[in-house]
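Have a look at the structure below, then the notes.
The values are calculated or read from the model by the stated rules, or taken from the named source; none is laboratory data. Everything numeric here is computed off the predicted structure, so don't read it as measured data. For neighbour counting, all protein chains shown are included, and Cβ atoms are generated from backbone atoms with ideal geometry for every residue, glycine included.
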Amino acid sequence: MSDLAIKPRLTSLAHGGGCGCKLAPSVLQNLLSEMPKAGPYANLLVGTETADDAAVWDLDSTTSIIATTDFFMPMVDDPHTFGRIAAANAISDVYAMGGTPIFALAIVGMPIDKMDPADIRKILAGGASVCAEAGIPVAGGHSIDCPEPVYGLAVIGTCATAQIKRNSQARAGDMLILTKGLGIGIYSAAIKKEQLSEDAYAEMVASTTLLNRIGTELGANPAVSALTDVTGFGILGHALEMARGAGTTIRLNLHALPLLSQASALAQAGHVTGASHRNWKSYGDGVVLPEGLEDASRHVLTDPQTSGGLLVAVAPDSAEELVRHIRASGYPLAAVVGQVENGPARVIVE
């Protein structure tokens, strides 16, 4: 009988999954500390100096190229779904800069001796299907034999240079909108223990495969000052990156944050990723939490999101109208979740 006759669960082949695999923020900052800066490259508008979602190169003062890459290990057992989630997550970085994707390259690392080739083809097909939804081809890529399954994309996009939205341009007085619900990492932790209901699984897949294409519109909206997508560092980590980049205080309303329907209950039951603990250890000193906040609620705030929503800084007189438009565009959980204030670079949750 073939070694592949009884196929292992896809998630069992990896030590982590989704954006929960990301290095902790403090580790990443240390590794990037000696990276060369932009130097003579005047056309490099966005590089490693800030915690933005993608690199941006100005072609001619009118049009810019956006380049990004994102890949990770499976957080679900269905290979086609894994491919869809990974592709949507990678493309999101272009949308988070206000851009439009134009093509992608596949990044593929698979344990060839442990996986059925048919399942690898399903992963690739899943990714290609989401790229087709975004209107872009998978134009090539690279593959290796890898101890754990890894899949993702390098994505190239374009944007009018004047419409590039960085995470560091939030203005004091702006309101903050979050376009998707939190709790993806909590759901993935429950999947590992086979404790996620069918309804919750469907909810998770629907959220993680929903393209953040609204970001292209937000880039063109003059009322929007800053954008970022909420992924592996959780809402606290990415809000703190925005605060530090802009030199402002961000105040989040705990009760306004949209959550997946079972996120709170599953967190209370102990379904928490290791990344949630690493996140808090990395940036907890930059966050002020309500006195007596229970650990389960804190874990929702540090929960790593895979293909999470966009965090949008927008002029206060445009916030409510924009939320209505975002919801009507297919993001029903979008909500105003906080505001940007003058003050030290930190996040305050109340």
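Things to note:
- Region 52-84 - residue that is crowded, with 21+ Cβ neighbours inside 10 Å, of a type in the set (D, E, K, R) and within 30 Å of Arg9 (Cβ to Cβ) and, of those, modelled with the lowest pLDDT: Asp70
- Tabulated pairs, region 127-150, first assigned by TED's automatic domain parsing to the domain that holds Asp116, second outside any helix (DSSP H, G or I) and among the aromatic types (Phe, Trp, Tyr), C-beta under 6 angstrom, 6+ apart or interchain: Ile136/Phe103; Pro137/Phe103; Ala139/Phe103; Val150/Phe71
- Just one of (1) of a type outside the set (Lys, Arg); (2) within 19 Å of Asp229 (Cα to Cα); (3) touching a Leu at 6+ places or on another chain (Cβ under 8 Å) fails for Thr306. It is (3).
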